[in-house]
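Colleague: Have a look at this one before I ask anything.
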Amino acid sequence: MKFLRAKPPTFTLEQVRDHLGRHFNLAGELTPLYSERDQNFRLTDTHHRDWTVKIANTAEDPAVITCQIGAFAHIAKVDPGLPVPRLHPTADGEDMVEIAHDDGQRHQLYLVSFLPGITFDKVARVADLPVRLGRVLARLGRALAGYDHRGAHDRQLLWDAREAPQYLPEVHRLPSAKDRDLAIGVLERLRDRVTPNLAGLRHQLIHGDVNEHNALVDPSTSCEITGINDFGDMIHAPLVQDISSLAADYMNDPASVLEVLSSAVAGYHSITALQPAEIELIFDLTSSRLMLAPLINCYRQEITPDSPNYLSDFTEKHLACCHALQMIGCEAVTRSLRQVCGLSATGTAPVRSAADVAPTVATLLSRRNRALSPSMPLFYDPPLHLFKGDGVWLTDFAGRRYLDCYNNVPHVGHCHPHVTEAIAAQIRRLNTNTRYLGEQVVEYSERLTRSLNHGPSGKPSGNQLSACAFVNSGSEANDLAWRIARSCTGNAGGIAMEFAYHGITEATDAFSPSAASGGRISPHVRTLIPPDPYRGAYRGTEQDLAQKFAAHADVQIASLARAGLKPAAFFVDPAFMTNGVLDVMPGYLKSVFDKVRAAGGLWIADEVQSGFGRMGSLFWGHSHHDVTPDIVTIGKPAGNGHPLGVVITRPEIMDEFCRQSSFFSTFGGNNVSCAAGLAVLDVIEQERLVENAASTGAHLKQGLTILMKKHDVIGAVRGTGLAIGVELVIDHQTRAPARYQTGRLLNLLRDEGILVGNEGQLANIVKVRPPIVFEKEHADIALNAFDRALTRL
Ligand code: PMP
């Protein structure tokens, strides 16, 4: 146990400063940091970047340091999102430099990034912190699974729980007889019951010492893990040892030992399924780790009485927690851990396979491939396995938070309490269908149609969109709208934008070339070239452009006529989202609309994406184009995640349709869906979200436009409110699409914890379309991440 006697190096600040200047070309402010055996400093350099300067103890084998440095590089490759340090090489490109102390000893000095956050002993211990720590630790274990280094083998470490039995001769140093009995019981059990079984367990390199000095937490939330530091105890050992050590080090209250252990194990198991043989040993490994602090402390105080007694706090609390754990007993603890891991409490046969209960990403993916289809699209590789949502934040099973800049369904924020409570309250009371009188469906229809038929000042606009029919999705709403248009006009032709998307049913798929492989177009449908002032064929004033693009409607109406068809409807998404979130010139839609009307067709505004204030300032997307549609369809955001689709039209159109066909949708307009819809409207009003979409959207767009000056790859930034498109190009002159860079940017942003989407026919547009509770502070987080990711592109 050479480190019991080895003292940390004692370089002066001046000497360290000198080495940093000479070997790293770095200067700045140095602050000493605590270390048990090394000498560490925080360096804030002249560019305000923070680094940890590490000067290793001479007793340290250089292979241990190279092992750590290799691990940092490996983790950066396989799980770049893990918050672990990154190495800063010397000015000569070396990993570290050897420096001489005045006493003639030579030490290795190296520099790694300083991770943000504070150690978890300084934050309130929120309930799910051990779960999150467990998840991050499991992720770290998975990342290290493919890495090996001789520096982590054959190490004898002070804090290795497996080594605890060698302290048996030291037990007499503990002052209290009760504690001595405890220690003997724990260490002998480890020696007799655990040690013989260890060799059969999964072994790999593990961190070995994620404790309250090494795990960092975001002080504002007390639960996001922002860093795992100090890989100096990395060791080739049984995988399960990592989680038992973490749980032991987290315990600080005898009353909650089982809760902490179960939570940490549950978090770990949700990422990496623990095996039954591993679970059996957790109780003893945890107890041993708890005993180490008191034993090491007593021993150290005797052999080096002048060393700081920093372990005294641990001694007390670890002894108390170890006593508490023994009181519960191995059997009860193991039973509880087996249950947490989805195994039967006592038997050896699992109740359900562990993977059924808490699958890892890899297992879940292969099950999904079998249960759904491997060709069913997924975002990201590896895909995200999300655990919970809250406002604009999503958290994955490893406890990593992502800023949601993409999802429009949770319009008023993920799991908004007003909406979730409205749904829960209604489903507890009643849920039936629209063939019975129900106040929710009537009130929701009235409030929706009020928003469609009144201007922003509240004055009636003269619109008569006052009749609603209820379905369950955007596709169904568009499908029904198409049936209404056909039956009311008697026509059979349709018009949509090139690369539009309007749904999955046979009728709406015909209007969705973006979803058709090979751009298949149905014989009764004609598409219009998108009015894209950046990439489109025409140049000129806005007025010219509006007329030139709209003229294509004449061509396509004529084409339908040649096929013996007249238009029943023109479908359009007022945000032109699938076309890359276009800034469409004023007058364009009005002009197309007039042409379609003159040919006998109706205009269907598909507000599935653009409605409910998405585009800021005005409630509906079509209002931004100063036109009134014949039919409006809504879906996605209406229920904030609860299925809800509506078709709204003029009463005479709805009457005519209902006379021709008896319309009823079993779930459409049920009490619960309408309660969700009403709650969404409440939140939009109460939190002034339409105004927020305008102001935050403008701020975000401005920030992205500034980035355009710095990053050449951005060809255009456009959009209205919180529907923004960032078009990436290889060359500003030719506008050649930067398709590869767009895909890479999406992944780099994911690594930064930012979720965005990819859009457009050329797949070169980054779509930023967050829940509309997105605020300026979120926009700033996203902008900084865009800047960093674009720099790394
Ligand atoms: N219309 C538009 C404009 C859409 O974006 C979508 C969904 N992406 C739909 C219709 C179809 O909605 P759903 O997936 O709810 O059927």
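The values are calculated or read from the model by the stated rules, or taken from the named source; none is laboratory data. Everything numeric here is computed off the predicted structure, so don't read it as measured data. With ideal geometry, Cβ positions are generated from the backbone for all residues, glycine too; neighbour counts draw on all protein chains shown. SASA here: full protein model, heavy atoms, side chains in, ligands and nucleic acids out. Shrake-Rupley method; radii C 1.70, N 1.55, O 1.52, S 1.80 Å.
Colleague: At 7 Å along the Cα-to-beta-carbon direction for both Gln166 and His203, put a label point, then send me their distance in nm to one decimal.
Modeller: According to this spin-label approximation, the distance is 1.6 nm.
Colleague: If you don't mind, another one. In degrees from 0 to 90, rounded to the nearest 10, what is the angle of the helix 651-660 Cα long axis to the longest principal axis of the chain?
Modeller: It works out to around 90 degrees.
Colleague: Binning at 20 Å from 0, report for the chain what percent of all alpha-carbon pair distances ends up in each bin.
Modeller: Histogram of Cα-Cα distances, whole percents per bin: 14, 39, 29, 16, 3, 0.
Colleague: How far is it, in nm, from the label point at Ile184 to the one at Ser344 when both lie 7 Å from their Cα along the line to the Cβ?
Modeller: 3.8 nm
Colleague: Restricting the count to DSSP beta bridges whose residues both fall in the chain, what percent are antiparallel, rounded to a multiple of 5?
Modeller: Details: 64 of 81 bridges.
Given both bridge residues lie in the chain, the antiparallel proportion sits at roughly 80 percent.
Colleague: State in Å² the accessible area per residue of the chain; use a 1.4 Å probe, count heavy atoms of protein chains only, and round to the nearest integer.
Modeller: Numbers: 32520 Å² over 793 residues.
Result: 41 Å² per residue.
Colleague: Please report Rg over Rh for region 582-703, where both radii come from the alpha carbon positions and Rh follows the Kirkwood definition. The partial results should precede the final answer.
Modeller: Details: Rg = 16.5 Å, Rh = 16.3 Å.
Ratio value, two decimals: 1.02.
Colleague: Holding the Cα-Cα limit at 31 Å, pick out from Lys77/Lys767; Lys709/Lys776; Lys388/Lys776; Lys590/Lys767; Lys636/Lys710 the pairs that are longer than that. Please report the intermediate quantities before stating the final value.
Modeller: On the way: Lys77/Lys767 26 Å; Lys709/Lys776 21 Å; Lys388/Lys776 23 Å; Lys590/Lys767 26 Å; Lys636/Lys710 36 Å.
With Cα atoms farther than 31 Å apart: Lys636/Lys710.
Colleague: What number comes out for the charge environment of Tyr444, summing +1 per Lys or Arg and -1 per Asp or Glu over other residues with Cβ under 12 Å away? Before the final figure, lay out the partial values.
Modeller: Values: positive: Arg447, Arg450; negative: Glu439, Glu443, Glu446, Asp682.
Local net charge: -2.
Colleague: Taking the alpha-carbon distance from Lys459 and a cut-off under 16 Å, which aspartates and glutamates remain once sequence neighbours fewer than 8 residues away in the same chain are dropped?
Modeller: Glu446, Asp626
Colleague: Percent of accessible area on the chain owned by carbon and sulfur, 1.4 Å probe?
Modeller: Details: 17020 of 32520 Å².
For the chain, the apolar C and S fraction of the accessible surface comes to 52 percent.
Colleague: Helix-only estimate, please: 222 nm mean residue ellipticity of the chain, summing -39500 (n - 2.57) across DSSP H runs of length 4 or more and dividing by its residues, to the nearest 500.
Modeller: Details: 24 runs with 321 residues, N = 793.
Computed ellipticity for the chain at 222 nm equals -13000 deg cm²/dmol.
Colleague: Any lysines with Cα under 29 Å of the Lys7 Cα? List them, leaving off those in the same chain fewer than 8 positions away.
Modeller: Straight-line reach from Lys7, under 29 Å: Lys54, Lys122, Lys317.
Colleague: Could I ask something else about it? Which whole-percent values make up P(r) of region 3-101 when all C-alpha to C-alpha distances are grouped in 10 Å steps starting at zero?
Modeller: 14, 45, 36, 6
Colleague: Let me ask you something else. Given the C-alpha atoms of region 44-141, compute the convex hull and give its volume per residue in Å³.
Modeller: Numbers: hull volume 15.6 nm³, N = 98.
Hull volume over Cα atoms, normalised by residue count, gives 159 Å³.
Colleague: Amide H neighbours of Ala568 under 5 Å, counting only residues 5+ apart in sequence or on other chains, H built in-plane at 1.01 Å?
Modeller: For Ala568, the qualifying residues are Ala492, Gly493, Gly494.
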